[in-house]
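What follows is a single structure, written as structure tokens, with notes after it.
Coordinate-derived values only; no laboratory data. As the structure is a computational prediction, the values presented were derived from the model and not from experiment. Don't worry about glycine lacking a Cβ; one is built from the backbone with ideal geometry, like all the others, and counts go over all protein chains shown.
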Amino acid sequence: MKKLLGVLLAIAMSWPVNATVLKNVEVVGEIQTIASDVSHNKAAAPVMPGDTNYRYNNGVSNRVMAGLSADLVEDVTANLMFQYADVWGENANNTGKTVQNYWDQVRLVNANVVLHNLLCAFDLTVGRQFYGDEDSAVMYIGPNHYNAEAAGYVNSIDAAKLVYADDVKSFTMIAGTIIDANAPRYDGVPADLKYNLFGADFKLHLTDGFFAQVYGYDTTVKGAAAPIPAGLDEADKHFGIYGAKAGMNGEAVRASAEYARNFGGHRLIKEHKDTGYMVKADLAADINALTARGTFLYAKQGFQAFGNYTPGLLVGHLLGGNGIWGYSNEGVRLFNLGFDMKAAEKWVFALDGYLFQARTGHATSYEADLTAKYNHNEYVQLFAGVGYIRYAKTENYTGFDRLNMDSKDDVKGQLGMLIKF
């Protein structure tokens, strides 16, 4: 802490002399505040090992990310971002905290340099960074949004990322280490471990909005208490994902289909005996101010990913990302039908219906959600939602230990604010 304050003080004292060193300086970040509550929140058993007996979060969570982006010299950009996250009233002595207490909760989530036009063709990012697409079911490392059950600290990766891109194609290679308590949770066990990640992603942007993508990622896990994914043993060194995605982004119609599989074993790209896989298809069509959309997802139990797919306000928020594939002891079969309505210049309403099933059609849960977003301007958004779920009856079905869904139906309400700058 003293070293950090010393560095900041040195920068401040030298700023008038060296002001010309930094160019195109921008302040970047966001503020997200989410309040939520659920009607029947008590579970008969802990949702996760060590947790209290509550299925969902209740109360208000807040996350602030702020930093700077600046050009150091020609074709070199530096990015620095800090994060502070807390829950309102979490500590009864909040008003008595010292500045040091608050600083202890600040985390460095971005600290990297970007070399542009390297060898006249590449961009190289070195250091702590975010990675992936936020709506990906397979790979995303970064902050989530609109999710009351995961509004806290974000994942980052310490990595080197090399990117080549033109109007038709893009190719990305990444190698680094994920270090965060929110890293993938195998078999429901939290893992505050180091995940070494190596991967590549190739995309083709074809004519008329058509695109195609192939990717592959390998991980090795460090830590004495490292959880072992299904089908592997302690002698296995590799675990990862490979897959392909194709689709179109038209003016009025958007569609995509994705297939991904796990691999793992003592050598690279070796499928194990309980290999997990996922199929996901999305379709959306615009009709004036109305957008109709649908999603189908089918995944075998044991499929593990670094994704950020969190369908709905209830089950998807709790089991979202890499955990949704653990919906049952078989896997998950999910259907979603939704409508977005732009009712006015600043208002967007959405109505969604979800059907969550075990992969072979057992243990069906039904969920319906109504959400609204008010875009105050291009930087500020207020959002709200209410969801109802009828849980599957799980007698003689062993896949719901983490949720303990054999309980009363739930109603969830959520309010939030998102400011990006």
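What does the charge count around Y217 come to, taking other residues whose C-beta lies under 12 Å from its C-beta (Lys +1, Arg +1, Asp -1, Glu -1)? Here the count lands on -1.
Net charge of the neighbourhood of E330, taken over other residues with C-beta under 13 Å away and scored Lys/Arg +1, Asp/Glu -1, is +2.
With a 10 Å radius around each residue's Cβ, average the other Cβ atoms per peptide and rank 80-87, 97-104, highest first. Could the numbers behind the result be given before it?
Working: 80-87: 18.1, 97-104: 10.5.
Peptide ranking by packing, descending: 80-87, 97-104.
The dipole here belongs to the range 61-167: it is taken about the Cα centre, uses +1 on the Cβ of Lys and Arg and -1 on the Cβ of Asp and Glu, and is about 540 debye.
What order, most packed first, do the peptides 364-372, 309-317 have when packing is the mean number of other Cβ atoms within 10 Å of each residue?
Ranking, from highest mean packing down: 309-317, 364-372.
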